[in-house]
1. Going through Gly56, Gly90, Gly33 one at a time, which residue ends up being closer than 27 Å to Asp163 by Cα and not aliphatic (A, V, I, L, M)?
2. Report yes if Leu99 is crowded, with 18+ Cβ neighbours inside 10 Å, touching a Leu at 6+ places or on another chain (Cβ under 6 Å) and closer than 26 Å to Val219 by Cα, otherwise no.
3. Using the structure shown, decide if Arg118 is under 16 Å from Asp46 (Cα atoms), among the charged types (D, E, K, R) and either at pLDDT below 85 or not assigned by TED's automatic domain parsing to the domain that holds Arg42 (or both).
4. Restricting attention to region 130-151, does a residue exist that is in the same structural domain as Val27 (by TED's automatic domain parsing) and at pLDDT 80 or above?
5. Out of Asp69, Asp86, I need the residue that is under 25 Å from Leu41 (Cβ atoms) and either of a type in the set (A, V, I, L, M, F, W, C) or exposed (fewer than 14 other Cβ atoms within 10 Å of the Cβ) (or both). Which one?
Amino acid sequence: MTLLLAEDDPELSRQISAWLTKSGHVVTCHANGDDALNTALRQAFDAVILDVNMPGKDGFEIVAALRADNDLVPVLFLTARDSVTDRVRGLSSGGDDYLTKPFAMEELGARLEALNRRYQQSATGQRRIGEWILDTRQRRLRSPTDFIDLQPRECALLELFLDHEGRTLTKKFLLDKVWDIRFDPGTNVVDAMICRLRRKLDAPGHATCIQTVRGKGYVFKALS
């Protein structure tokens, strides 16, 4: 990947750059926020790593400027500021991930790979699930030999499960994200939708991929 690193600690910047370069990435480094933003606006990158506190523009201002310029490059904040307020501000301003110092280089590398993978998938409107491809633009699940059409909320629900694969999602969480209902009024809309989605996903002969976690919610395991 081609990466932009904005970090004003010279030793940390050197360590990160050396590790990422050794891992096969091409890294451009800046210690000043204004310089980092100018470079990001002129040159295409696969991902941007931003420290929050820097001379010139801070990380929050940089990502806000990128998003205002319609630049959707994945942005990972790298900072010692680990309060919930700071994390929320960073993600709300347009950041995609937040890693607090100190950190392991291996985790930084893994997060960058995950960000780039998600970005590439969303840019094409396609998400891979085993041998199947979820086309979010056409709302269709396709395999080399078959396809399954999805209703808009079925597609949104499946995409949400993909974003949180392996994690248990509560009914309240699903209502909030898919139906924009921020409380559970006793509706069975989630159960009914999952039942319908299961029938479509299980029809080609695959094992059930949306599993019920009794008393907690639902967990998604990818089609095999």
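1. On the way: Gly56 fails: closer than 27 Å to Asp163 by Cα; Gly33 fails: closer than 27 Å to Asp163 by Cα.
Exactly one residue qualifies, and that residue is Gly90.
2. On the way: crowded, with 18+ Cβ neighbours inside 10 Å: no; touching a Leu at 6+ places or on another chain (Cβ under 6 Å): yes; closer than 26 Å to Val219 by Cα: yes.
So Leu99 does not fit the description; no.
3. Working: under 16 Å from Asp46 (Cα atoms): yes; among the charged types (D, E, K, R): yes; either at pLDDT below 85 or not assigned by TED's automatic domain parsing to the domain that holds Arg42 (or both): yes.
Against the criterion (under 16 Å from Asp46 (Cα atoms), among the charged types (D, E, K, R) and either at pLDDT below 85 or not assigned by TED's automatic domain parsing to the domain that holds Arg42 (or both)), Arg118 qualifies.
4. To start, the set of residues in region 130-151 that are in the same structural domain as Val27 (by TED's automatic domain parsing) comprises none.
No, every residue in region 130-151 fails to be in the same structural domain as Val27 (by TED's automatic domain parsing) and at pLDDT 80 or above.
5. Working: Asp86 fails: either of a type in the set (A, V, I, L, M, F, W, C) or exposed (fewer than 14 other Cβ atoms within 10 Å of the Cβ) (or both).
From the options Asp69, Asp86, the qualifying one is Asp69.
To keep it simple, each residue is scored yes or no on (1) touching a strand residue (DSSP E or B) at 6+ places or on another chain (Cβ under 8 Å); (2) under 26 Å from Phe77 (Cα atoms); (3) crowded, with 16+ Cβ neighbours inside 10 Å.
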site	(1), (2), (3)
Leu115	yes, yes, yes
Arg127	yes, yes, yes
Leu134	yes, no, yes
Asp146	no, no, no
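The values are calculated or read from the model by the stated rules, or taken from the named source; none is laboratory data. If you're wondering where the values come from, they're calculated on a predicted model, not measured in any experiment. Every residue, glycine among them, receives a Cβ derived from its backbone with ideal geometry; neighbour counts consider all protein chains shown.
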